[in-house]
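Data block below; observations after.
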Amino acid sequence: MLELKNIHKFYNPGTINEMCLFENFNLSVPTGQFVSVVGSNGSGKTSLLNLICGSIELDGGQVLIDGKDIAKQKEYQRQKYIGRVYQNPAMGTCPQMTILENMSLADNKGKFFGLKRGTEKARIEFYRENLRQLGLGLEDKMDIRVGALSGGQRQAMALLMSTMTPIDFLILDEHTAALDPKTADLIMELTDKIVREKQLTTIMVTHNLRYAVEYGDRLLMMHQGQAVLDAAGEEKKKIQIDDILERFNEISIECGN
């Protein structure tokens with residue numbers, strides 16, 4: 001289980017632009033739950049992911065995984081059990097390296113490399129089988145540099161690479177936002193397949209309300225560092241896109257827009 005307890009986060013402290021985004025924020029995500037997170041710009045969606053991953057530091061509170069506080073752990077230490085896919089396909093892969101080299105790099109995440117060869121021949125067929133599951137023909141292009149692939153192909157690889165080693169949590173940071181609609185749909189189908197097969201606890205931030213409604217077991221709407229909507233299970237299944245749009249409009253009116 002992932003728990004955020006009494007989270008405090010200030011931006012630009014001690015300046016005229018000081019802002020408190022999170023104040024006594026609490027969130028619990030049971031093991032195996034797939035959470036979709038929506039909200040307007042500045043609502044705290046990406047900051048929430050960054051606090052979980054250790055990309056930004058807390059000003060107060062705890063980040064607990066199965067009761068253990070990891071708030072003091074560095075980002076690279078958390079990467080052993082947290083996989084993250086970013087909005088930009090270029091951030092999840094190494095463009096100057098081949099598909100094979102990228103797969104080998106992901107396969108050895110968190111391990112001590114030493115002076116052995118970076119790519120083990122015994123693992124090549126394993127990589128090929130994993131790539132074949134994507135249905136993009138990448139298993140026949142192992143020697144091609146990743147920089148030569150399309151954005152959708154790279155994002156599919158990033159998704160696969162982030163979940164190759166055993167992880168407890170998958171963090172999806174608007175991972176379909178930079179893709180065309182058809183490719184985005186493909187990536188979402190792959191996402192759901194991987195999450196279900198590996199039973200990963202997943203938090204997905206998205207601006208696509210259809211994805212937020214169709215995918216996941218739980219829906220959160222963030223506003224000014226608070227969850228103004230939190231629906232799970234049967235309650236979540238009843239939510240329609242129009243319901244979310246109506247809540248967005250209510251918030252907009254409250255803010256004087």
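The values are calculated or read from the model by the stated rules, or taken from the named source; none is laboratory data. Keep in mind that what you see is a predicted model, and the values were worked out from it rather than measured. Positions of Cβ are generated from backbone atoms using ideal geometry, with glycine treated the same way; all protein chains shown enter the neighbour counts. The accessibility values were calculated without ligands, DNA or RNA, using every heavy atom of the protein model including side chains. Shrake-Rupley method; radii C 1.70, N 1.55, O 1.52, S 1.80 Å.
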Kindly check whether there is at least one residue in the range 145-162 that is loosely packed, with under 15 Cβ neighbours inside 10 Å, of a type in the set (K, R) and either free of Cβ contacts under 8 Å to residues at least 40 places away in the same chain or assigned to a strand (DSSP E or B) (or both). no
Which condition breaks for G14 when tested against (1) of a type in the set (G, A, S); (2) open to solvent by 30 Å² or more (accessible area, probe 1.4 Å); (3) in contact with a Ser or Thr (Cβ under 7 Å, 6 or more places away or on another chain)? (3)
Provide a single number: the residues in the range 207-225 that are part of a loop (DSSP other than H, G, I, E, B) and closer than 13 Å to I241 by Cα. 3
Out of all the residues in the range 109-132, is one or more open to solvent by less than 30 Å² (accessible area, probe 1.4 Å), touching a residue at least 40 places away in the same chain (Cβ under 8 Å) and aromatic (F, W, Y)? no
Among (1) touching a Leu at 6+ places or on another chain (Cβ under 7 Å); (2) open to solvent by 20 Å² or more (accessible area, probe 1.4 Å); (3) of a type outside the set (D, E), there is one condition G135 misses while meeting the rest; what is its number? (1)
Kindly indicate the residue of the range 89-99 that is assigned to a loop (DSSP other than H, G, I, E, B) and surrounded by 16 or more Cβ atoms within 10 Å (Cβ to Cβ) and also nearest to the chain's Cα centre (by Cα) among those meeting that condition. G92
Going residue by residue through the range 137-155, is there one that turns out to be within 15 Å of the chain's Cα centre (by Cα) and within 19 Å of V29 (Cα to Cα)? no
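To keep it simple, each residue is scored yes or no on (1) surrounded by 14 or more Cβ atoms within 10 Å (Cβ to Cβ); (2) over 22 Å from the mean Cα position of the chain (by Cα); (3) polar (S, T, N, Q).
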{"position": "M188", "(1), (2), (3)": "yes, no, no"}
{"position": "V213", "(1), (2), (3)": "yes, no, no"}
{"position": "D242", "(1), (2), (3)": "no, yes, no"}
{"position": "F248", "(1), (2), (3)": "yes, yes, no"}
Residue identified as open to solvent by 20 Å² or more (accessible area, probe 1.4 Å), of a type outside the set (S, T, Y) and in a loop (DSSP other than H, G, I, E, B) among Q62, Q73, Q77: Q73
Only one of P181, P166 is within 23 Å of L51 (Cα to Cα), out of contact with any Ser or Thr (no Cβ under 7 Å at 6 or more places or on another chain) and open to solvent by 50 Å² or more (accessible area, probe 1.4 Å), namely P166
Restricting attention to the range 48-59, the residues that are open to solvent by less than 20 Å² (accessible area, probe 1.4 Å) and either of a type in the set (K, R) or under 23 Å from G14 (Cα atoms) (or both) number exactly 3
